[in-house]
Amino acid sequence: MARKIWQKNPPDRRPHGNRPHGPRHRARPAPLAADGPAILYGWHTVKAALENPARHIHRLLATENAARRLADDGVPLPIQPEIVRPDVIDARLGPDAVHQGLLVEADPLPSPAAEELAPEGIVLVLDQITDPHNVGAIMRSAAAFAAKAIVTTARHSPEATGVLAKAASGALELVPLMTVQNLARGLQALRQRGFLLVGLDSGGEADLADLPLRAPLALVLGAEGKGLRQLTRETCDRLARIDVPGEIKSLNVSNAAALALYVASRAVMPR
């Protein structure tokens, strides 16, 4: 896998199509401040948040049809939904957001500390991956492969809200997101917990599939276009590449994460 193996995903520009129209809401919600609550939208994202008892919901905006669908699916409602027209949610998110008639304002989920992570399974470590579409897709793959956590930096990483949450399609509620101030120290903390630190890099000593992997395992992925930073590379126990047979050798970082999770899970997870 090349250090520049991944490229940014383009923004999702799919049209939202014809949305159901319910009765007009009396008041249009005011825009949120930058330091306000997490904004979650879309069916899978909002449904998972409503079903997560650890998620403190402040507000639920729903179109008439979306509210009916929540009721039909038996989704628990910790608060009473505010029935609004689709354009009210459009005004909050922009016309390109595929919200499916649902928007939630909620508290961010707490970030676990390294000492709270059980020394088992696989965690993903993201070295300044900034694109929220990519991070959301990585979270979705992490949930699919039962990763125990995702570790990211407090700076140079997207917030767990909005586009990231939509791309994660509910995985934000399933995979703990651990935020560290300094990634090298965070990696050292994982090592002290018994994790094997494997960085994914074109200069890796071997294909990831050929390394003697073990749990607990931390897979470290670098930023789009730049790869792992030097200090991150030096902190890892091993560096591995992902060999692919085709003529195109570069993968988007979220695709590389999914492939690495597949290879590693087969090596370290019980079947």
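The numbers here are math on the coordinates, done by the rules we state, and not lab data. Keep in mind the model is a prediction, meaning the values are calculated, not measured. Cβ atoms come from the backbone with ideal geometry, glycine included; neighbour counts cover every protein chain shown.
Divide, for region 150-189, the radius of gyration over alpha carbons by 2.2 N^0.38 Å, where N is the residue count. Mind dumping the intermediate values first?
On the way: Rg = 11.2 Å, N = 40, 2.2 N^0.38 = 8.9 Å.
Taking N as the residue count of region 150-189, the ratio is 1.25.
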Handout entry: Quotient of C-alpha Rg and 2.2 N^0.38 Å, computed over region 38-106
Key = 0.98
Exercise for the section: Quick one: what are the phi-derived ³J(HN,Hα) couplings along region 251-257, Karplus 6.51/-1.76/1.60 with θ = phi - 60°, whole Hz, x for glycine and proline? Expected result: 10, 4, 4, 5, 5, 4, 5
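Can you give me the relative contact order of region 114-268 as a percent, contacts being Cα pairs under 8 Å and 6 or more apart? Write down the numbers at each step before the final one.
Details: 302 pairs, mean separation 45.9, N = 155.
The value is 30 percent.
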Completion exercise
In order over region 79-88: 3J(HN,Hα) from phi, Karplus 6.51/-1.76/1.60, θ = phi - 60°, whole Hz, x for each Gly or Pro, gives 9, 6, x, 9, 7, 9, 7, x, 5, 5
Completion exercise
region 104-224, Kirkwood Rh and Cα Rg, ratio Rg/Rh at 0.95
Fill in the blank from the handout: Within the set 210, 131, 72, GNM on the chain using Cα springs under 10 Å gives the largest fluctuation to 72
Exercise for the section: Can you give me the P(r) profile for region 80-153? Cα pairs, bins 5 angstrom wide beginning at 0, each as a whole percent. Expected result: 3, 11, 17, 17, 16, 13, 11, 8, 3, 0
Fill in the blank from the handout: Once amide hydrogens are built 1.01 Å from N within the peptide plane, the residues lying 5 or more places from residue 153 or on another chain with amide H under 5 Å from its amide H are 128, 180
Problem - Listed residues 197, 77, 60, most fluctuating in the chain (Gaussian network, C-alpha, under 10 Å) - result: 77
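Hey, what's the per residue convex hull volume over the C-alpha atoms of the chain, in cubic angstrom?
Working: hull volume 37.0 nm³, N = 271.
Normalising the Cα hull of the chain by residue number yields 137 Å³.
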Practice task
Write out the trypsin sites (Lys or Arg not before Pro) in region 87-179 meeting two conditions: DSSP loop, and at most 15 other Cβ atoms within 10 Å of their Cβ.
Solution key: 155
Exercise for the section: Please report how far the C-alpha centroid of region 119-135 lies from that of region 54-68, rounded to the nearest whole angstrom. Expected result: 28 Å
Completion exercise
Phi angles of region 230-240, converted by Karplus (6.51 cos²θ - 1.76 cosθ + 1.60, θ = phi - 60°) into ³J(HN,Hα) in whole Hz with x for Gly and Pro, give 4, 5, 5, 4, 5, 7, 5, 6, 9, 10, 10
Practice task
Pick out which of 129, 242, 79 has the largest mean-square fluctuation in a Gaussian network model of the chain, springs linking Cα atoms closer than 10 Å.
Solution key: 79
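Pairs of alpha-carbon atoms within less than 8 angstrom and 6+ residues apart define the contacts here; what relative contact order does the chain have, in percent?
Values: 566 pairs, mean separation 69.3, N = 271.
In percent, rounded to a whole number, it is 26.
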